[in-house]
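Notes for the one structure printed next.
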Amino acid sequence: PIFPYHIGALFYARQHTPLLPSGRPYRVPLSPRPPDWKTYSKIECCLTRPPLGGTIDEEVHIALTITAEIRLGDEKGAQLVIVNGDMVAKIYDPLYYRSYEMFHRHYDVVREADTHYCREAASYNELLSSSLQGSNTPKYYGSWVIDVSLNELQDTPPRQVPLILMEHIDGICMRDIDPKALTEEERDNILIHALEVEAQVYHHGVHHQDFHPRNIMISYPQPSFYADFRPILIDFDLARVVRLNDRIPAKSKWSKMLSPAYRHWGQLGCFVALGWLPWNNGSGQEEWLWEKFGHDDRFVALRRNE
């Protein structure tokens, strides 16, 4: 098949309301699939997929022209492009997801793409009413669907492919910052602010579940990088909306946020490995968390077990 996502490509997107997220830990079961689906090629999986589900509003549509690339290509998962010069489109096209086997399990690219789409759309919708939207999470412009042909002959029906639109953030991914080039104070300042944002997101009812430097953008006014910056949490395709899992969001349980020292204790190994946190014989991240957040009265009070 021809690769459809390239600079200059034009798509007409229609507004789409996706189904509620499904699969664990949600109560909604995953959609059924043919009993012989493991014998299908990736193209066959994509062509025989069940209808996307949800609701398409044919009266609300927008023309999207790809103006720049962010992440494109086969086996890359969701395709990321800049459209119309100022928005990011995240396109959940299963044809470009990685098909693989792991632990004797065969992964269904269609189910994986649809799951990512529904979870991310639900997460951004949940955050729309919060002050985080447009400040510490991207401005969200809704969920949409486009028709994508397999080839130029268009001798097969077009595939319905979902996407979300959000603001294009002018900044740098935390993964691309060399922490060794920073002072300890600068490293701490960036990570503290990022953890505070994740705590606010959780308090509002969305558990990100993939807190990693690759999912944190740092936006800053030129040329002052460290004096005035804004951490922005991105990539919610693994996130969980607590309310939709029949559980009570944190803000309804506690008047204060849960401390990062409580929620991330022993969970910041990726930041240690990348040089953001000290190793200190394996206890560096915990000591750092306690020093920075253990007595912070903005959060639910903690008592440390020695």
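The values are calculated or read from the model by the stated rules, or taken from the named source; none is laboratory data. Please read these numbers as outputs of a predicted model, since none were measured by experiment. Cβ coordinates were reconstructed from backbone atoms using ideal geometry, including for glycine residues, and neighbour counts include every protein chain displayed.
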Exercise for the section: Report yes if some residue within the stretch 151-159 is in contact with a strand residue (DSSP E or B) (Cβ under 7 Å, 6 or more places away or on another chain) and crowded, with 16+ Cβ neighbours inside 10 Å; otherwise report no. Expected result: yes
Completion exercise
Given (1) among the aliphatic types (A, V, I, L, M); (2) surrounded by fewer than 20 Cβ atoms within 10 Å (Cβ to Cβ); (3) more than 21 Å from the chain's Cα centre (by Cα); (4) not in a helix (DSSP H, G or I), LEU238 misses just (3)
Exercise for the section: Would you be able to tell me the number of residues in the stretch 10-22 that are surrounded by 16 or more Cβ atoms within 10 Å (Cβ to Cβ) and under 25 Å from ASP74 (Cβ atoms)? Expected result: 4
Exercise for the section: Using the structure shown, decide if ASP36 is surrounded by fewer than 12 Cβ atoms within 10 Å (Cβ to Cβ), closer than 30 Å to GLY205 by Cα and of a type in the set (Asp, Glu). Expected result: no
Practice task
Quick one: count up the residues across the stretch 285-299 that are loosely packed, with under 15 Cβ neighbours inside 10 Å and not charged (D, E, K, R).
Solution key: 1
Handout entry: Out of TYR117, TYR141, TYR124, sole residue that is touching a residue at least 12 places away in the same chain (Cβ under 8 Å), out of contact with any Lys or Arg (no Cβ under 9 Å at 6 or more places or on another chain), part of a helix (DSSP H, G or I) and of a type in the set (Ser, Thr, Tyr)
Key = TYR124
Practice task
With the condition kept exactly as written, say whether any residue in the stretch 38-45 is more than 30 Å from ARG247 (Cα to Cα) and touching a strand residue (DSSP E or B) at 6+ places or on another chain (Cβ under 8 Å).
Solution key: yes
Problem - Among the residues listed as ILE7, ILE62, the single one being aliphatic (A, V, I, L, M) and either surrounded by fewer than 12 Cβ atoms within 10 Å (Cβ to Cβ) or not in a loop (DSSP other than H, G, I, E, B) (or both) - result: ILE62
Problem - Check on PRO29, without any contact (Cβ under 8 Å) to a residue 12 or more places away in the chain, assigned to a loop (DSSP other than H, G, I, E, B) and either in the same structural domain as LEU150 (by TED's automatic domain parsing) or touching a helix residue (DSSP H, G or I) at 6+ places or on another chain (Cβ under 7 Å) (or both) - result: yes
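Within the stretch 158-175, identify whether any single residue is free of Cβ contacts under 8 Å to residues at least 40 places away in the same chain and under 19 Å from ALA63 (Cβ atoms), and answer yes or no. Talk me through it step by step, then tell me what you get.
Within the stretch 158-175, the first condition is being free of Cβ contacts under 8 Å to residues at least 40 places away in the same chain, and the residues that meet it are 158.
Cutting the leftovers down to under 19 Å from ALA63 (Cβ atoms) gives us 158.
For the stretch 158-175, residues free of Cβ contacts under 8 Å to residues at least 40 places away in the same chain and under 19 Å from ALA63 (Cβ atoms): present.
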Problem - Options LEU268, LEU302, LEU258; residue that is surrounded by 19 or more Cβ atoms within 10 Å (Cβ to Cβ), closer than 26 Å to GLY205 by Cα and either of a type in the set (Phe, Trp, Tyr) or without any contact (Cβ under 8 Å) to a residue 60 or more places away in the chain (or both) - result: LEU268
